[in-house]
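Structure, as structure tokens:
The values are calculated or read from the model by the stated rules, or taken from the named source; none is laboratory data. Just so we're clear, the structure is a prediction, and the values are computed from it rather than from any experiment. Cβ atoms come from the backbone with ideal geometry, glycine included; neighbour counts cover every protein chain shown.
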Amino acid sequence: MDLRESIAEVLAGASGVLKQDVSDMLEVPSDTAMGDFALPCFKLSKIMRKAPQQIAQDLRDRIDKPGFVSRIENVGGYLNFYIDRAFMARLAIENVLEKGGRYGSSDEGRGRTICIDYSSVNIAKPLHIGHLSTTVIGHSLYNIFNFLGYACVGINHLGDWGTQFGKLIVAYKKWGDRAGVEQGGVEELNKLYVRFHEEVEKHPALDDDARAWFKKIEDGDPEAMELFNWFKEITLKDVAKIYELLEIKFDSYAGESFYNDKMQPVIDELDQKGLLVEDQGARVVLLEDMPPCLILKSDGATLYATRDIAAAFYRKKTYDFDKCLYVTAYEQDLHFRQWFKVIERMGYDWAADLVHVNYGRVSMEEGSMSTRMGRIIRLDEVLNRTLEKARDIVEEKSPQLLNKEEIARMVGVGAAVFTALKNNRIKDIVFSWDNALNFDGETAPYVQYTHARCSSVLERAGLPEGVLPDYAALKNEEARAVVSLLASFPETVENAAKRYEPFLITRHIINLAKAYNKYYFDHRILTDEDASLVKARLNLTEAARQVIRIGLSLLGIKAPEKM
Ligand code: ARG
């Protein structure tokens, strides 16, 4: 049953106004002291030709108060409805329990596809701390849209094209060796690349060699291709460890080089549509209020944007997406605005379905990691340190646990992921281990611990089978706070999808965990009074446990039974 609809029905009967109209007028007061629903009667003054105060009074007198409403009050022209607490608790809790772990899911996305371009690794470069955001925001959006019934396509748009690969081949052939790279992985490749830049200062001719090697890659020369593909393999093997830890899989690794043979038709079309303009030998699309979008350099080379445009056409054709999301730092705002506009100018209305899901910078807390000048902060180092610290904490707090390593992994990964999903995307993040792993803060471990607490209460309960709950046990304010967060969870999931903001879910489960803990400390759950009352409290606990678990899983975080 839907409470709003039911109240609207009663009001429609009493006022003669259409049920749908009344339903739209009903508000949810921000202060629960003003009731659970309120009808601002001034909205009816025109239709009913009476003062709001009078309307409220008349309606109140005329309404046949339904059983689930405990009282109705007229306060300054507002008609406030107070829903019976026990009724509300039963409704919300049974709603959660009936869905068996799918509470908040829907089929709104049935038959529709969402492409999510995220993580998007650059070949021969290690993932850095900034990649934490794109990786976990993208992954979470994938989970959320999936939960809402969309088919999701996770795309790792590899940065695997550009003159830097010519440089890398030169560096490898001069100073590298196979075994060293096999062993050192991306780190070693990156070192070679850095060395190239040092040496080219003294020996500018190296640049010519690099250009020649890149040309060989473009021409498909076997030796060049063998090396290029091997660099890719080495990189992907390294990042696979991080994806394994985070339990992330991609549906496609089609990167920039995949579009080599797919750009010409796009360039031709731009030309035919008269959009390509010559600018100092280069070819560009002129845009209003923005710098032109560069399509071809004067030497005929294509650009990052050219590849993105070709990729968008390919994705539209291949997946027929409803939306295509690009989870990339806000430093690239202009890039996306430019080429989205180019597609619009080509006359494709699906340009409106391309969305740049941008996010802020990630940095480490001052002094928390020794970063040599200009050295990037590697994501795997940050994650490994987080795991180490999580191990220490688990060892200290729960030495008796049998699966300490598994729990430490859940806590450590959770702490890192949670940090990146805690605030709205655009906010810059300063990563701090103390904050991320604080069991008393707004953190993954805090929420996970609450989940484990719920599990433990349920395990200890030992009620006989078949006891029916008496929700009169949940008439207190602390239970009401939990119930209201249970009831509003599906709306939060929907909003998170609508705004591409996983943090709405993070916030929701932090609040739920806090509300449950407050309830837990203020009320005894397992008492020897009437088993039906105990059963109602256990159902509240089970529902809170499930919603926390669902919320965490949408963020890409595990919920331990014990901690
Ligand atoms: N590899 C790029 C980077 O690290 C991100 C790619 C984002 N996706 C895209 N289709 N442009 O900056």
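Some notes on this structure:
- Qualifying residues in the range 524-542 (those that are of a type in the set (A, V, I, L, M, F, W, C) and part of a loop (DSSP other than H, G, I, E, B)) - the one surrounded by the fewest Cβ atoms within 10 Å (Cβ to Cβ): Leu526
- Total residues in the range 169-200, condition farther than 20 Å from Met225 by Cβ and of a type in the set (Lys, Arg): 2
- Qualifying positions in the range 279-295 - at pLDDT below 95 and either assigned to a strand (DSSP E or B) or hydroxyl-bearing (Ser, Thr, Tyr) (or both): Asp279
- Filter pass, Ser120 being under 12 Å from the mean Cα position of the chain (by Cα) and within 16 Å of the ligand (Cβ to nearest atom): no
- Among (1) crowded, with 20+ Cβ neighbours inside 10 Å; (2) in contact with a Phe, Trp or Tyr (Cβ under 6 Å, 6 or more places away or on another chain); (3) within 30 Å of Val239 (Cβ to Cβ) - the single one Ser120 does not satisfy: (2)
- For Tyr172, the conditions (1) touching a residue at least 60 places away in the same chain (Cβ under 8 Å); (2) away from the ligand (no atom under 15 Å from the Cβ); (3) buried (at least 22 other Cβ atoms within 10 Å of the Cβ); (4) closer than 30 Å to Ala240 by Cβ are fulfilled apart from (1).
- Residue within the range 75-82 that is away from the ligand (no atom under 15 Å from the Cβ) and under 30 Å from Lys427 (Cβ atoms) present: no
- Search result, residues across the range 309-358 that are of a type in the set (A, V, I, L, M) and more than 19 Å from Ile137 (Cα to Cα): Ile309, Ala310, Ala311, Ala312, Leu334, Val342, Ile343, Met346, Ala351, Ala352
- Given (1) among the charged types (D, E, K, R); (2) more than 28 Å from Val69 (Cα to Cα); (3) modelled with pLDDT of 95 or more, number of the condition Glu465 does not satisfy: (3)
- Residues being outside any loop (DSSP other than H, G, I, E, B) and within 16 Å of the ligand (Cβ to nearest atom) - total across the range 154-167: 5
- Only one of the numbered conditions (1) under 22 Å from Ile155 (Cβ atoms); (2) among the polar types (S, T, N, Q); (3) in contact with a Gly (Cβ under 6 Å, 6 or more places away or on another chain) is not met by Ser298, and that is (1).
- When the range 131-153 is filtered for residues that are within 18 Å of Val413 (Cβ to Cβ) and either within 13 Å of the ligand (Cβ to nearest atom) or of a type in the set (Val, Ile, Thr) (or both), the ones remaining, listed by number, are His131, Leu132, Ser133, Thr134, Thr135, Val136, Ile137, Gly138.
- Those strands (runs of 3 or more DSSP E) of the range 1-115 in which 1 or more residues are surrounded by fewer than 14 Cβ atoms within 10 Å (Cβ to Cβ) occupy 69-75.
- Complete set of residues in the range 30-43 that are under 14 Å from Gly76 (Cα atoms) and of a type outside the set (Gly, Ala, Ser): Met34, Leu39, Pro40, Cys41, Phe42, Lys43
- Residue among Lys317, Lys341, Lys323 that alone is surrounded by fewer than 17 Cβ atoms within 10 Å (Cβ to Cβ), modelled with pLDDT of 95 or more and more than 13 Å from the ligand (Cβ to nearest atom): Lys317
- Identity of the residue in the range 296-314, β-branched (Val, Ile, Thr) and either in a loop (DSSP other than H, G, I, E, B) or away from the ligand (no atom under 11 Å from the Cβ) (or both), that ends up surrounded by the most Cβ atoms within 10 Å (Cβ to Cβ): Thr306
- Of the listed requirements (1) away from the ligand (no atom under 16 Å from the Cβ); (2) surrounded by 18 or more Cβ atoms within 10 Å (Cβ to Cβ), Asn190 misses just one: (1).
- Any hit, the range 193-208, residues being more than 16 Å from the ligand (Cβ to nearest atom) and among the aromatic types (Phe, Trp, Tyr): yes
- Filtered residues of the range 392-406 (kept if within 18 Å of Tyr446 (Cβ to Cβ) and under 28 Å from the mean Cα position of the chain (by Cα)): Ile393, Val394
- Among residues of the range 457-493, those that are of a type in the set (S, T, N, Q) and in a helix (DSSP H, G or I), counted: 2
- Any hit, the range 93-116, residues being within 16 Å of the ligand (Cβ to nearest atom) and out of contact with any Lys or Arg (no Cβ under 7 Å at 6 or more places or on another chain): yes
- Long-range neighbours under 9 Å by Cβ, at least six apart or interchain, first residue touching a residue at least 24 places away in the same chain (Cβ under 8 Å) and loosely packed, with under 13 Cβ neighbours inside 10 Å within the range 266-282, second among the charged types (D, E, K, R) and part of a helix (DSSP H, G or I): Lys273/Arg345
- Flag if Thr450 is modelled with pLDDT of 95 or more, over 26 Å from Glu366 (Cβ atoms) and buried (at least 19 other Cβ atoms within 10 Å of the Cβ): yes
- Within the range 253-283, if we keep just the residues that are hydroxyl-bearing (Ser, Thr, Tyr) and in contact with a Phe, Trp or Tyr (Cβ under 9 Å, 6 or more places away or on another chain), the residue that is nearest to the ligand (Cβ to nearest atom) turns out to be Tyr259.
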